[in-house]
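The values are calculated or read from the model by the stated rules, or taken from the named source; none is laboratory data. These numbers come from a predicted model, not from an experiment. When we count neighbours, we look across all protein chains shown, and the Cβ atoms used for this are built from the backbone with ideal geometry, even at glycine.
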Amino acid sequence: MKLREVVEILDGKLLFEGVNLEIDIPCAFGSDLISDILMSTKEPTLLLTGLVNLQIIRVSDMIDLFGIVFVRGKIPPDEVIEMAKERNLPLISTKYTLFKSSGLLYNHGLRSCKI
Amino acid sequence: MSEYWFIRSGFEKRAESFFQKKLAEAFACDYEIGKQDFVNAGKAAAAIKFSLKRIGVNAEILRRVAIIAYEAEINITAHANGGKIRSNIHPDLIHIVFEDYGPGMEDIEKSMLPGYSTANDLVREMGFGAGLGLPNIKKNTDVLHIISEKGKNTFLEVVVFF
């Protein structure tokens, strides 16, 4: 699935422009617990989360993320968006819940990353 | 004082030889970690990962070392009165020592249980405090050694072989 499709399916909003929407997203993972995210992502993945503090960007320094989808309409502070820009890490916000977002992406063929 | 050792099965000989010889030739870096400093937390772990990446360590080991270093750095930030990290990079392994400035762990064995956490609400709101920090470190390391006592500094060291 292309990143562009993720944005469309989730009726999402890109938090900054200029990212490549044609990249392939092979899999996804969703959680609001940082240790869960670190423990469960063994391959590069798209992350769905409700966490918007800057530690979520630090997490992206530890593991390979294709992008972060913030669920439940959450928007991170400007400094977090700036940090993502520096890393060229796409950020998307959707009003849908973690459950609904995951379900929609799954229905369109996106699967879980290896855990 | 309470002490905890874990050596991954199959790594006993290499671990023994490392701790006996305490190899002198290492590239050492020090990092200072501030109490509850969640703005900077994770920078040391990222720096350690970057150092290894530069010398061509493979991606799977980079991921394991990054997770170990990040979890331990967050533990110092969230639970301790600050602390310090020293990473020693050898040609065939990385040895990282995390030492905080107290207040010590009440029960190491308990803290090794997935789901056990003493994190406060602030820390939990940030997405930490799942009680998976030490289990996650253990899962990714080849050697884990912890010395702790209530009221004293906690000493945690890991070795990951390349």
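Side notes on the structure shown:
- Residue list for the range B:124-141, restricted to those being over 12 Å from the mean Cα position of the chain (by Cα), crowded, with 22+ Cβ neighbours inside 10 Å and not hydrophobic (A, V, I, L, M, F, W, C): B:G127, B:G129
- First in the range B:131-158 and more than 22 Å from B:F19 (Cα to Cα) and within 14 Å of another protein chain (Cβ to nearest Cβ), second anywhere and in a loop (DSSP other than H, G, I, E, B) and of a type in the set (S, T, N, Q), Cβ under 6 Å, 6 or more apart: B:G131/B:S117
- Yes/no for B:D121 being at pLDDT 95 or above and either under 17 Å from B:K35 (Cα atoms) or out of contact with any helix residue (DSSP H, G or I) (no Cβ under 8 Å at 6 or more places or on another chain) (or both): no
- Those residues of the range B:54-75 which are within 13 Å of chain A (Cβ to nearest Cβ) and surrounded by fewer than 14 Cβ atoms within 10 Å (Cβ to Cβ), in sequence order: B:A59, B:E60
- For the range A:77-115, residues that are at pLDDT below 95 and small (G, A, S) total 1.
- Some residue of the range A:1-14 being of a type outside the set (K, R), under 19 Å from B:I67 (Cα atoms) and in a loop (DSSP other than H, G, I, E, B): no
- Only one of B:P103, B:P114 that is surrounded by fewer than 18 Cβ atoms within 10 Å (Cβ to Cβ) and within 14 Å of chain A (Cβ to nearest Cβ): B:P114
- Residue count for the range B:62-98, restricted to those that are assigned to a loop (DSSP other than H, G, I, E, B) and either farther than 22 Å from B:L132 by Cα or of a type outside the set (G, A, S) (or both): 4.
- Scope the range B:119-130; condition within 14 Å of chain A (Cβ to nearest Cβ) and either within 30 Å of B:D92 (Cα to Cα) or not in a helix (DSSP H, G or I) (or both); matching residues: B:A119, B:M126, B:G127, B:F128, B:G129, B:A130
- Any hit, the range A:38-47, residues being of a type in the set (S, T, N, Q) and surrounded by fewer than 21 Cβ atoms within 10 Å (Cβ to Cβ): yes
- Enumerated helices (runs of 4 or more DSSP H) restricted to the range A:15-115, each holding at least 2 residues that are more than 14 Å from every other protein chain (Cβ to nearest Cβ) and aliphatic (A, V, I, L, M): A:78-87, A:98-107
- Search result, residues across the range B:20-53 that are surrounded by fewer than 14 Cβ atoms within 10 Å (Cβ to Cβ), hydrophobic (A, V, I, L, M, F, W, C) and not in a loop (DSSP other than H, G, I, E, B): B:F27, B:A28, B:F50
- Selection of first residues in the range B:39-53 that are on the phi < 0 side of the Ramachandran plot and of second residues that are basic (K, R), restricted to Cβ pairs under 8 Å at least 6 apart or on distinct chains, gives the following pairs, ordered by first then second residue: B:A41/A:R58; B:K43/A:R58; B:A45/A:R58; B:A46/A:R58.
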